[in-house]
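Here is the structure we will look at.
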Amino acid sequence: MATDKNMAAATPDMVDGRPAEYGLTLKELRELMEHRGAEGLQLIQTKYNGVLDMCKKLYTSPNEGLSGNPADLEHRRLIFGSNVIPPKAPKSFLQLVWEALQDVTLIILMVAAIISLGLSFYKPPPDPGQGDNEPEYYEGADGDSSVEEAAGWIDGLAILVAVAVVVLVTAFNDWSKEKQFRGLQNKIECEHKFLTIRGGEVLQISVGDLVVGDICQVKYGDLLPADGVVIQSNDLKVDESSLTGESDHVKKGEATDPLLLSGTHVMEGSGKMLVTAVGPNSQTGIIFALLGASHEEEEKEKKKKKEKGPNNSASDTGPRPNTLGQNTPLLSNEAETKVDIDSVVSKTNTGNSHANINKHDLNKNTPTIPEEVEASAKEEEEEKKSSSRKEKSVLQSKLTRLAIQIGYAGTAIAVLTVIILIVKFSVTEFVIKKEEWTAEKTGRYLELFVKYFIIGVTVLVVAVPEGLPLAVTLALAYSVKKMMKDNNLVRHLDACETMGNATAICSDKTGTLTTNRMTSVKSYIGGKFSTPAPRFNELESKLGQLIIRSIAINSGYTSKNMPPDQEGGLPKQVGNKTECALLGFVTEMGQSYDSIRSEVPEEVLVKVYTFNSSRKSMSTVVNIENGYRVFSKGASEIILKKCDFIMTAEGKPKSFNVREQEKMVQEVIEPMASDGLRTICIAYKDYVKGNAEMNEVNYDADPDWEDENHIIAGLTCLCVIGIEDPVRDEVPQAIKKCKAAGICVRMVTGDNVNTARSIATKCGILKPGEDFLVLEGKEFNRLIRDPSSGEVRQELLDDVWPRLRVLARSSPQDKYILVKGIIDSKITSNREVVAVTGDGTNDGPALKKADVGFAMGISGTDVAKEASDIILTDDNFTSIVKAVMWGRNVYDSIAKFLQFQLTVNVVAVLVAFFGACIINDSPLKAIQMLWVNLIMDTLASLALATELPSAELLERKPYGRTTALISSTMWKNILGGAIYQLVVIFVLLFAGPELFQIDDGKINTSVHAPSTQHFTIIFNSFVMMTLFNEVNARKIHGQRNVVIGLQRNPVFVVIWIGTMISQIIIVQFGGIAFHTKGLTLEQWFWCIFLGVGTLLWAQIVTCIPTHRLPVIKCPCMKDEEEHHHEDLIDGDIANDDRRGQILWVRGLTRLQQQIRVVNAFQMDLDSTHMDSYDKRSRPSVISLQSLQAQRSGIAKKPILASSPEVDESPSSPWFGRSESIPYADE
């Protein structure tokens, strides 16, 4: 970024009819935003003459905003920067190749291949004592090995080529996945828009298009995309914990603390702000610049230390380049950077349930922590250990355990194979034959030992499921791409497969089960019912005026009904849908709310008490001729309790006692609620000077507007309005599908219990004759809390949640407790997997705690979206059902691949092992096993991972949290298929020469033994059986028809045919490289016949009743008690005692690849991508703030006292909220 003078010099004198030079410089604006509270306010008033004068200096209007002229916007971007962080170039293909080469097994193979290659060119002098009688280990009886020996280098070269293919395929997959990831991030980023005033109109502007001088409207639930100064505010409170670490909400206002910071959350109220800093110059952008610069500097330091040696580690202290390209350094030296970054990390580390593993990764990349904070770092490390288990998804946990156990087993068999081969050779050579190890024989002995070593490594390679990471990645990536078309925008990749295991869905009502198109259908005014609204001239004049003015003024001014997009359509509702319904009520009365708002603009409002969960209402104070008027609206039973008077049809107030209140609840509110209507009560109160009416309050000095309880009391009830939100037509059928799929749907709403019960019955959540509970939040808390201590007890909760179907008048705290209780409960055998929907800021804790959190794309707040795993772009419950289907398809795709993979592995490993024991060689050569393992598995993972979901997926029960990844049926198929293949291979091995009238390949097992038809038939038959077993693997639940639906998966068909053609080429023309010898047509028919036999054998295996077979215990089939300690694997990564061991095994099993490739899709990036710019093409600051928050552990949810992370007193702002917003979108 150039300096301000250079920029100004490069710009014209006039832009869009105004001077090109601004009254405020970039440096001044950046310095301003570094101040806080009263200090910032004083600076604005003294140095800049107030915010309105700042608007003039930036050539913007506080009411009209910028003109929107492209030349003006571009000029502002040139001077002050744009609201994006310049991305760093993604990793090059060569870098990805280098990362792929870090795999332990590949390194071992390459070393062995190079040794083999070197020894093949080493020709030792002949042993004079041996003469021409070479041992049989080196040469066949016929001596016909000269061709093979001359081409001995081909074996080593072929293995190197195979490794190169694997590395290139891995690197290409990484590259393509990261490219898709960037596309996905851009999609998420484009979804984030902000209300901005331009040309006098309120527009939804993409956050990346915001510029300095924009006037933005901020409201409850917003995630601020830029720094700014408050112009006007209504009860504005902001959560700044993401930047300052301070958990208390900060009250903002033009007269108190006017500075708003990017990346912070609006928790209450509304207002307008002047944008003063964007992109790299905002507070969030500066922090990211520090993080990026410190990471680069640390890498340089490491290089310097390597060059200078360990004893010379002096660091430079001068200016250095940074990611912003500024001429002046952000920090003067490395030490300051370390301290600054550490303070940022420690301050922002407040415990994000989705971020703990990445938080651990971040610390690897941040600079070394100074000694004075090492103690706190150790405490954080302990927290990470305790919370690491929450990070793994259901499938990830099972796959990790399985892969590590296979790694152990594979290593053991591989080592045993090598030991047996070497011991058997040594005994034969040196004990039985009594040969001596001479210098002349050293080369040949080493060549033989290297061959044995390669066999061992190949057994290990075959034992480890190489294709598993790719299968996981492909299945998830394919599903995520398809789910976008089904209105599911997946933010965290593992949520896709976790949704397939869901056993419970806790759903909101408004907008999810209902259309979220609110309409007023009934009203109660002056003792009379009207449907929907009376005409204005039918009401007494004063009463009518009070009603329409109360609705027009005491609603968010961003809520409005716009003309329909198509002629004859319904008006378009913008903003809060409940308020839109009330504004529609004014229109039905034949009046205009716009004219009233023009008369009383937001700027003249005295005080606004905005919605929150403790108020359950909204109130606005305005000036009237002789004092003040308070308008209030909210849930009927709440507002009525605050009313001492009620307005009659004649426009006269009359006393309204408790008995009359109860009568009105019974005769007006409950009947409306039973019809599924949401009831809103409208009320008012006047403060006057001088003579006061019976329902007015006399005052001399201005009331204390901060004393809310006193202000919102003694109200006069004007009317009750019933609002309908119809059930979506498709929802009852979707809930029916969920029930058939074994998923329990619960409604959690802030609505009246009668309204909730009515809607739940219409949806099909409640069925006559079923044993269910419908509870209000207060009753729910009474049932689950210990009477003496008031603490939630799991055993009490376990008595309630299984029967609970509707939780009405619930608070965010209630929702969180319910979700946590169901997840933690152990009363079901397979443990519950819970999905939750939410759209409000207060839903953040429940969305974070849930296994899968769904945020509403249309009505959801930014905070809810950030806390979620999947965003429903159409706010429709049916999209959740589609997510379940895709999730189950992912899980099944992985299971199909495992069934296929493990059968191949079991057979190949046992053949190699027993071959080594019996004939001193493996019937399947190293290069052949690499072909089977690396190439076919890669293709098989692609074939099996791209199956489309079918309706039958929703006809079975969910797997649950602790059900075995490999079911008993799958074990039956794996072992049954393996038995058939082993029998065929060993029959061919020992009886093949007689059956086919060919030479016996077992006779010559020398290093350079020529290829034989015998071993080629074994290899070919094994591949044919594997190919046809791939068809069997398409079904994992015991279905007989394994080819049904094959036409729906052309990828499978193409890959299967392509593999068959490749095998023909390898067998007929592979020659020396693949150790094959061409087969006759008859021999080919026999190989194919044996392959087809796997299909027939599978039908026989299917006939065996699974329940009659003994239960197989393995790491991926754990009892509930064992699962209590399931973090043994997940958490041990952070366990110092076993860190080295686990990391070794992870490297051995290629989990590095799995984590790298799979996490390339996730919002939570892995440790190799510390800089968030790596994965994005044009990331906005706000999206980067989200990423940095997830990595560094910044809480996007408040910490609740019931959560295990903290023990907080009931004074927390998240307590004491027995009910949620009564008429806002839930």
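Observations, loosely collected:
- Distance in nm between pseudo-label sites at K957 and K47 (7 Å out along the Cβ direction from Cα): 6.8
- Per-residue surface analysis assigns I918 an accessible area of about 90 Å², computed on protein heavy atoms at 1.4 Å probe radius.
- In this structure, the pairs whose alpha-carbon distance is over 27 Å, taken from K219/K481; K56/K272; K522/K641, are K219/K481.
- Placing dummy labels 7 Å off each Cα toward the beta-carbon, the span from I1088 to F772 is 5.8 nm.
- FRET E, pair I1044, D594, Förster distance 45 Å, beta-carbon r, rounded to 0.05: 0.15
- Amide H contacts of S206 (H built 1.01 Å from N, under 5 Å, at least 5 apart or other chain): F194
- Heavy-atom accessible surface of segment 982-1110, averaged per residue, reaches 47 Å², computed with a 1.4 Å probe.
- Remark: segment 844-853, residue by residue, has Karplus-estimated 3J(HN,Hα) of x, x, 5, 5, 5, 6, 4, 5, 9, x Hz, where x stands for each Gly or Pro and the curve is 6.51 cos²θ - 1.76 cosθ + 1.60 at θ = phi - 60°.
- Surface accessible to a 1.4 Å probe, V834 within the full protein complex, Å²: 0
- At R0 = 25 Å, FRET efficiency that the Cβ-Cβ distance of Q545 and E708 yields, to 0.05: 0.45
- Between V431 and K528, the simple spin-label model (points 7 angstrom out along Cα→Cβ) gives 11.1 nm.
- Extension gain from K762 to N623, taking 0.36 nm per residue of separation minus the Cα-Cα distance: 45.5 nm
- Accessible carbon and sulfur surface of segment 723-770 relative to its total accessible area, %, 1.4 Å: 52
- Ranking by accessible area, most exposed first, for E650, E540 with a 1.4 Å probe: E650, E540
- Sorting the segments 450-463, 598-611, 677-690 by their mean number of nearby beta carbons within 10 angstrom, highest to lowest, gives 450-463, 677-690, 598-611.
- Largest-first ordering by accessible area, 1.4 Å probe, given options L94, L910, L582: L94, L910, L582
- Solvent exposure of segment 853-916, expressed per residue, is 14 Å² of accessible area, with all protein chains present and a 1.4 angstrom probe.
- For segment 190-273, the relative contact order works out to 33 percent when only alpha carbon pairs closer than 8 Å and six or more residues apart are counted.
- Computed extension length for D824-D13: 285.3 nm, one decimal, from 0.36 nm per residue of separation with the Cα-Cα distance subtracted.
- Our estimate of slack between F172 and A692, defined as 0.36 nm per intervening residue step minus the Cα-Cα distance, is 179.2 nm.
- D239 accessible area, 1.4 Å probe, all protein chains in place, Å² to nearest 10: 20
- Surface composition of segment 529-571: carbon plus sulfur atoms hold 50% of the accessible area, using a 1.4 angstrom probe and ignoring ligands, DNA and RNA.
- Sparse-neighbour loop sites [trypsin sites (Lys or Arg not before Pro); segment 1028-1080; at most 15 other C-beta within 10 Å; DSSP]: R1040
- In terms of accessible area, using a 1.4 Å probe and ignoring ligands and nucleic acids, I215, I858, I1057 rank largest first as I858, I1057, I215.
- When only Cα pairs below 8 angstrom with a gap of at least 6 residues are kept, segment 786-881 shows a relative contact order of 19 percent.
- Sequentially through segment 21-28, phi angles give Karplus couplings (6.51, -1.76, 1.60; θ = phi - 60°) of 8, 8, x, 10, 9, 4, 5, 5 Hz, Gly and Pro residues having no value and appearing as x.
The values are calculated or read from the model by the stated rules, or taken from the named source; none is laboratory data. What you see is a predicted model, and the numbers here were worked out from it, not measured in a lab. With ideal geometry, Cβ positions are generated from the backbone for all residues, glycine too; neighbour counts draw on all protein chains shown. With ligands, DNA and RNA removed, areas are computed over all heavy atoms of the protein, side chains included. Shrake-Rupley method; radii C 1.70, N 1.55, O 1.52, S 1.80 Å.
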